[in-house]
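Scroll down for the structure; my scribbles are underneath it.
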């Protein structure tokens with residue numbers, strides 16, 4: 001998602017539906033504003049995605065407790081506000097934003113935490 005939002009250059013089709021205007025109808029200042037907001041969202045997805053890859057590849061695989069908590073916390077801090085914003089667009093505009101991807105990500109995150117049980121990290125004797 002990060003790359004899509006960072007490199008798209010225009011807003012998504014559901015954004016046009018939400019504001020009842022096409023990209024071409026927007027004044028240049030509004031295009032700049034939308035692109036800046038898309039860049040921020042894209043950078044958040046890319047940053048948390050990269051963090052997830054790095055932490056999963058090294059400290060998480062070593063079952064280091066701090067990484068086992070950092071992964072779900074970082075992802076939750078990103079996905080909850082994005083889900084809430086997407087649901088607000090769904091509720092208050094005629095658009096149908098892809099809220100289900102964020103909800104699925106949070107559901108899978110909750111399942112992963114339940115399976116990993118980071119609160120039991122000391123069981124393996126590697127409680128760093």
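The values are calculated or read from the model by the stated rules, or taken from the named source; none is laboratory data. Since this is a predicted model, take the numbers as computed values, not measurements. Cβ sites come from the backbone with ideal geometry, for glycine too, and all protein chains shown count toward neighbours.
The residue of segment 74-88 that is nearest to the chain's Cα centre (by Cα), among those that are surrounded by fewer than 18 Cβ atoms within 10 Å (Cβ to Cβ) and either in contact (Cβ under 8 Å) with a residue 40 or more places away in the chain or farther than 16 Å from residue 45 by Cβ (or both), is 87. When residues in segment 108-128 are screened for being loosely packed, with under 11 Cβ neighbours inside 10 Å and modelled with pLDDT of 95 or more, 1 of them pass. For segment 14-36, filtering for residues that are free of Cβ contacts under 8 Å to residues at least 24 places away in the same chain and either exposed (fewer than 13 other Cβ atoms within 10 Å of the Cβ) or part of a loop (DSSP other than H, G, I, E, B) (or both) leaves 11. Within segment 55-64, the set of residues being in a helix (DSSP H, G or I) and either out of contact with any helix residue (DSSP H, G or I) (no Cβ under 9 Å at 6 or more places or on another chain) or surrounded by 18 or more Cβ atoms within 10 Å (Cβ to Cβ) (or both) comprises 55, 57, 60.
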